[in-house]
Every structure is written in structure tokens, then in C-alpha cells.
Amino acid sequence: MSKITKGLVLASASSRRLELLNKINIVPEIIQAANIDETPKKKEKPIEYCKRLAREKGDFVFQNYPDMTVLSADTIVFCSNKIFGKASSDEEARSFLNFFSGRKHSVLTAIYLRNKNLSKIKYSISKVTFIRLEKKDMDIYLATREWENKAGAYAIQGYAERFVKTINGSYSNIVGLPLQQAFNLLKTSNLI
């Protein structure tokens, strides 16, 4: 049974990130989502955008817990510098899936760790190739509503896993938190 990691705040509302941390026996003492503007800046590249959001989320939550260590993350999907955020409608989700159909894209997660003594950011990129999707495949998937609130309009750990032809990189990164990097970052803060 996992025990609470004293002094750790997870700056995320993602149940997936919490589940991933639990897999490596890390249970945040506090969970608080950050409320920030996630609009990309003009001409902002995917890596800079994702790192900025992870940092802003962590800094936002750190203001409330200055004596603790805050772990935050942001995950995006991108292809050729085009960022695919969270789809706002069925139509947008379908357009994302159409774009990924038969094509390789990248999933990027930036993770940020902050306390009064340190501020570190790392990122991980995984490459995902989808099979060619038929309209029927997309219709069934969209009806599951699984795509809602997911970067790139899909969750690899769910129904959409059947669309994945190949993965190059960390699977946990695609879910939302590269566990090897997160674990190493937390070691630097002496929490584990």
C-alpha cells in the first residue's frame, strides 16, 4: 500500500497523472489544479509552449504552498509545429483524428518541480503512429466521449489504443507523465 509523500503537492486535476504516480508509490499530500490561461503565444513553438504551461501551473500553485514541493506537468500533441490541444467539439476532435490518420505525431509532456530551494523543468517526447482510420472507427470513438479534455482528442490508455500502430518513446509520457523523469526529479528534492 502506498503512503502519502509528505510535502508533495501535485498541481494537476488529471486523474491519470495521479494514477501514474501511484504506480511508483508516490501519493501527493495535496492535489490542487492550477487555473491559468493556456492560449499559445504567437509563433510559440510546441516545446516552449508546453514548458511554459508546466512552469506557470507549478508557480501558480506554489504561491499557496511555499513551504512544500510542487510537481506540475502539461501534455500536448503536435505535428510539424502545429499544436493539438484539447478539442472543443465533436467536429474538432474528428478533424484531429483525421489529421493523425495514417500519420506519425509527437506527444510532449513537460514536468516542472519547484520548492524554495530549486526550480527544475524536464520534458519528454514520444512518437506515435496511427493506423489509417475509417469514418466508422472515428464515429465509434467519438461516441465514447473519451476524447473530451484530452490533448489531441485521444487517450492512449483507452479505446484509442486500438488506433496506435507504433510508439517510439515513453508510454507513460503519452498518458500524461513520463514516470522515469518524474521519479528522478522528485529524487533531487529528497522527497523520495
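The values are calculated or read from the model by the stated rules, or taken from the named source; none is laboratory data. Treat the numbers as computed from the prediction; the structure is a model and nothing was measured. Cβ atoms come from the backbone with ideal geometry, glycine included; neighbour counts cover every protein chain shown.
Odds and ends about this structure:
- Qualifying residue in the range 6-21 (condition: of a type in the set (Gly, Ala, Ser) and touching a Phe, Trp or Tyr at 6+ places or on another chain (Cβ under 6 Å)): no
- Remark: pairs (first residue in the range 70-87, in contact (Cβ under 8 Å) with a residue 12 or more places away in the chain and surrounded by fewer than 22 Cβ atoms within 10 Å (Cβ to Cβ); second residue assigned to a loop (DSSP other than H, G, I, E, B) and charged (D, E, K, R); Cβ separation under 8 Å; 6+ apart in sequence or on different chains) = Cys79/Arg103; Asn81/Lys45; Gly85/Glu38; Lys86/Glu148; Lys86/Lys150.
Residue-by-condition table, conditions (1) modelled with pLDDT of 95 or more; (2) not in a loop (DSSP other than H, G, I, E, B):
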position	(1), (2)
Leu97	yes, yes
Gly102	yes, no
Ser106	yes, yes
Tyr112	yes, yes
Lys120	yes, yes
Val128	yes, yes
Lys136	yes, yes
Tyr141	yes, yes
Ala160	no, yes
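- Residue count for the range 88-132, restricted to those that are surrounded by 17 or more Cβ atoms within 10 Å (Cβ to Cβ), more than 22 Å from Glu38 (Cβ to Cβ) and without any contact (Cβ under 8 Å) to a residue 60 or more places away in the chain: 1
- Criterion: more than 21 Å from Ser170 (Cα to Cα) and either assigned to a helix (DSSP H, G or I) or at pLDDT below 95 (or both) - qualifying residue of Glu38, Glu19: Glu38
- Qualifying residue in the range 45-55 (condition: assigned to a strand (DSSP E or B), buried (at least 19 other Cβ atoms within 10 Å of the Cβ) and either without any contact (Cβ under 8 Å) to a residue 24 or more places away in the chain or of a type outside the set (Asp, Glu) (or both)): no
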